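Asks: Can you read through this structure? Questions will come right after.
The values are calculated or read from the model by the stated rules, or taken from the named source; none is laboratory data. Bear in mind that the values here come from a model prediction, so they are computed numbers and not experimental data. Quick reminder, even Gly has a Cβ in these numbers, built from the backbone with ideal geometry, and neighbours come from all protein chains shown.
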Amino acid sequence: MKNIVILISGSGSNMAAIAQTAHKEAWQEKFGLRIAAVISNRADAQGLPLAKSLGLATDLLPHRDFASREAFDAALMARIDLHAPQLVVLAGFMRILTSGFVSRYAGRLLNIHPSLLPAFPGLHPHQRALDAGCTVAGATVHQVTVELDHGPILAQAVVPVLAHDTADTLAARVLTQEHLIYPQAIAKLLQK
Ligand code: GAR
């Protein structure tokens, strides 16, 4: 069995899209892939009850309980490694990762970012796309390297920017595409 561990901080809609696609496409039966755990660094993440409602095992590791980024990442690695995952999937996990964390999961650590990378890494990508006058926006699934929101690109989706878009309306349009490309990219990678 190939285990996937998903890390979240917020609403968990990408996590749910991955879980629902895994179920619909019978990843476990066909490819031996299963979501072993969903781990959040925030107790108030709406994705935690959502994961439970989808029948997934959840774990909470509040980063505020740790004195340093290194100490948190070490504890997180220990929790993740309980599942010996083939893939660690960042799905709205809003933490800057230490180089020790990134190198431990090198080649099996994925992220999704709501912009057409390498444009607009970091925070507020939708507002920055609007401010720049972009006519298209989108999302990128990529392998994680030490540099924030960089690394080899696995999948992208493009959406139009419409005349009356706000950051929120644009984010919602991009998110519908995230829910399609993230499960596809994972399946493609793990079926190899
Ligand atoms: C998604 O739009 C994801 O691309 C973004 O956070 C949102 C999480 O939504 N991630 C980043 O900005 C990472 N740099 P979700 O919790 O509903 O999946």
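Asks: Of the residues that sit in the range 140-154 and are in contact with a helix residue (DSSP H, G or I) (Cβ under 8 Å, 6 or more places away or on another chain) and surrounded by fewer than 20 Cβ atoms within 10 Å (Cβ to Cβ), which one is farthest from Ser103 (Cα to Cα)?
Replies: Only one residue tops the list, namely Leu154.
Asks: Sticking with this one: Taking the residues in the range 30-54 that are modelled with pLDDT of 95 or more and part of a helix (DSSP H, G or I) as candidates, determine which candidate is surrounded by the most Cβ atoms within 10 Å (Cβ to Cβ).
Replies: The residue in question is Gly47.
Asks: Within the range 63-81, how many residues are touching a residue at least 24 places away in the same chain (Cβ under 8 Å) and assigned to a loop (DSSP other than H, G, I, E, B)?
Replies: 0
Asks: How do the pairs read when you match residues in the range 138-160 that are under 14 Å from Phe120 (Cβ atoms) and within 12 Å of the ligand (Cβ to nearest atom) with residues anywhere that are part of a loop (DSSP other than H, G, I, E, B) and charged (D, E, K, R), using Cβ under 9 Å and keeping only pairs 6 or more apart or on different chains?
Replies: Thr140/Asp149; His142/Asp149
Asks: Give me the residue from the range 106-137 that is of a type in the set (A, V, I, L, M) and within 9 Å of the ligand (Cβ to nearest atom) and, out of that set, farthest from Ile8 (Cα to Cα).
Replies: Leu123
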